[in-house]
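One structure is given below, encoded as C-alpha cells.
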Protein chains: 2
Amino acid sequence: MNTRAPNAVQDYYPDDFAHCYGCGRLNAHGLQLKTRWEGDETVARFTPRPDQIAVPGFVYGGLIASLIDCHAMGTAAAAAERAAGREIGDAPAPRFVTAALRVDFLKPTPLGPELEIRAQVRETSERKVVVGATVWVAGAITARGEVIAVRMPATMIAPNR
Amino acid sequence: MNTRAPNAVQDYYPDDFAHCYGCGRLNAHGLQLKTRWEGDETVARFTPRPDQIAVPGFVYGGLIASLIDCHAMGTAAAAAERAAGREIGDAPAPRFVTAALRVDFLKPTPLGPELEIRAQVRETSERKVVVGATVWVAGAITARGEVIAVRMPATMIAPNR
C-alpha cells in the first residue's frame with residue numbers, strides 16, 4: 001500500500017467498467033478523475049484545461065457537473081465498501097451509476113487553479129447512496145451538488161461483451 | 001437566411017462568448033452543440049464519440065448533463081429574443097449561464113445512435129428562464145433535465161479581456 005496517498009476508488013473498478021470518460025483509468029481521452037478518502041469525506045482534484053471553459057476565464061459548467069458526478073459514483077463505491085467492512089484496495093470496487101444529478105452553481109468558477117471536489121455520504125443502503133458534494137477553488141465554494149447513485153443494473157452490461 | 005435549417009442560437013453569440021466547451025463555435029476542442037427552434041420547442045442533435053462512455057455500450061452521463069446544460073442556455077437565449085420580438089439571427093444572441101442543473105437518468109443511453117435533445121421553456125422573466133429538456137435516442141426518452149438559466153453577470157466578463 002502506498003503510504004503517501006490513499007488508494008483511489010477508480011483504480012479498483014473492474015477492467016470492464018474502467019472506461020468512463022470522467023474517471024476511467026482505461027479511457028485515454030477522458031478526465032481520469034481519482035476519488036480518495038480523507039477522513040469521513042472523499043476528495044478529488046482536477047485542473048481544467050484551457051479549452052474547458054464556459055466563457056473566457058471561467059470553467060465550463062458541464063465539466064463541473066461531470067466531476068461531481070464521477071466523484072459521487074466513486075464515493076458511493078467507497079461507502080459501500082466501508083459498509084461491508086472493506087477499504088479501497090481490499091477488493092474490486094463496486095460500480096454505481098447516476099440516477100439523478102443536481103448542481104447549483106453558486107458563483108463563476110475561475111479557470112486556472114486546481115479544483116477540489118469534496119463529498120459526503122448523506123444516505124446509504126444496499127442499492128442506493130446519496131452523496132453531497134462541494135467544489136472548491138482558491139479557498140471558496142463555487143458549486144454544490146447532490147447525486148443519487150444506484151448499483152449498476154444488469155442491463156448496463158453491454159450485449160456485445 | 002438558410003431556408004433548409006433554422007438558424008442556431010450559438011452562431012449568434014458574440015465572439016467573446018463563443019468559446020464554451022459545450023457549444024462555442026470558436027472552441028475547436030469542444031462539442032459545438034447547436035440549438036434551433038422547431039415550433040415552440042428547441043432541438044439539438046449530437047452523436048457521441050466512442051470515448052464518451054460511462055461503461056462500454058452506454059453514453060457518459062456527464063456528457064448528457066453537458067448537452068442538456070448548453071441546449072438549455074441556448075433555449076433561454078432564443079426565448080429571450082422571442083420575448084423581445086426577435087428571432088434567432090436578427091441580432092447577437094444574449095448569453096445566459098447556468099444557475100442550477102438537474103438531470104434524471106431514466107435508463108441507460110445506448111452509444112451509437114444520434115441523441116436528440118428537446119427543450120421547452122417553462123418560465124421566463126427578464127433575468128431568468130426555466131427550461132425543461134428530454135434526451136431521446138432511438139425513439140425513447142433516456143434522461144430528463146430541468147435547468148435554471150440566468151443572464152450572464154458582469155462578473156463573468158474576464159478581467160484579462
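Surrounded by fewer than 24 Cβ atoms within 10 Å (Cβ to Cβ), in contact (Cβ under 8 Å) with a residue 12 or more places away in the chain, small (Gly, Ala, Ser) and more than 19 Å from residue B:22 (Cα to Cα): does that describe residue B:100? For residue B:100, the condition - surrounded by fewer than 24 Cβ atoms within 10 Å (Cβ to Cβ), in contact (Cβ under 8 Å) with a residue 12 or more places away in the chain, small (Gly, Ala, Ser) and more than 19 Å from residue B:22 (Cα to Cα) - is not met. Looking only at residues in the stretch A:103-120 that are more than 14 Å from the chain's Cα centre (by Cα) and more than 10 Å from chain B (Cβ to nearest Cβ), which one is most open to solvent (accessible area, probe 1.4 Å)? Here the residue is A:114.
Conditions tested, residue by residue: (1) within 7 Å of chain B (Cβ to nearest Cβ); (2) in contact with an Asp or Glu (Cβ under 7 Å, 6 or more places away or on another chain); (3) in a helix (DSSP H, G or I).
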| residue | (1), (2), (3) |
| --- | --- |
| A:34 | no, no, no |
| A:37 | no, no, no |
| A:42 | no, no, no |
| A:45 | no, yes, no |
| A:51 | yes, no, no |
| A:64 | no, no, yes |
| A:68 | no, no, yes |
| A:72 | no, no, yes |
| A:75 | no, no, yes |
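Inspect the stretch B:16-23 for any residue being outside any loop (DSSP other than H, G, I, E, B), over 17 Å from the mean Cα position of the chain (by Cα), within 18 Å of residue A:55 (Cβ to Cβ) and facing another protein chain (nearest Cβ under 9 Å) and give the result as yes or no. Taking every residue of the stretch B:16-23 in turn, at least one turns out to be outside any loop (DSSP other than H, G, I, E, B), over 17 Å from the mean Cα position of the chain (by Cα), within 18 Å of residue A:55 (Cβ to Cβ) and facing another protein chain (nearest Cβ under 9 Å).
Quick one: which residue in B:81, B:123 is out of contact with any strand residue (DSSP E or B) (no Cβ under 9 Å at 6 or more places or on another chain), at negative phi and more than 7 Å from every other protein chain (Cβ to nearest Cβ)? Just a single option satisfies the conditions, and that option is B:81.
Whether any residue in the stretch A:67-78 is under 17 Å from residue A:122 (Cα atoms) and of a type in the set (S, T, N, Q) is what I want to check. Looking through the stretch A:67-78, at least one residue is under 17 Å from residue A:122 (Cα atoms) and of a type in the set (S, T, N, Q). Close contacts from the stretch B:104-124, counting a first residue that is among the hydroxyl-bearing types (Ser, Thr, Tyr) and a second that is open to solvent by 50 Å² or more (accessible area, probe 1.4 Å), with Cβ to Cβ under 8 Å and a gap of 6+ residues or different chains, come to B:124/B:83. The single residue among B:8, B:100, B:91 that is under 29 Å from residue A:145 (Cα atoms) and among the hydrophobic types (A, V, I, L, M, F, W, C) turns out to be B:100.
Quick one: is residue A:139 of a type outside the set (D, E, K, R) and open to solvent by 50 Å² or more (accessible area, probe 1.4 Å)? So residue A:139 fits the description; yes.
The values are calculated or read from the model by the stated rules, or taken from the named source; none is laboratory data. It should be emphasised that the depicted structure is a prediction, and the values quoted were computed from it without experimental measurement. Glycine also receives a Cβ, built like all others from the backbone with ideal geometry; neighbour counts cover every protein chain displayed. For the accessible areas, the whole protein counts, side chains as well, though only heavy atoms, and no ligand, DNA or RNA atoms are used. Shrake-Rupley method; radii C 1.70, N 1.55, O 1.52, S 1.80 Å.
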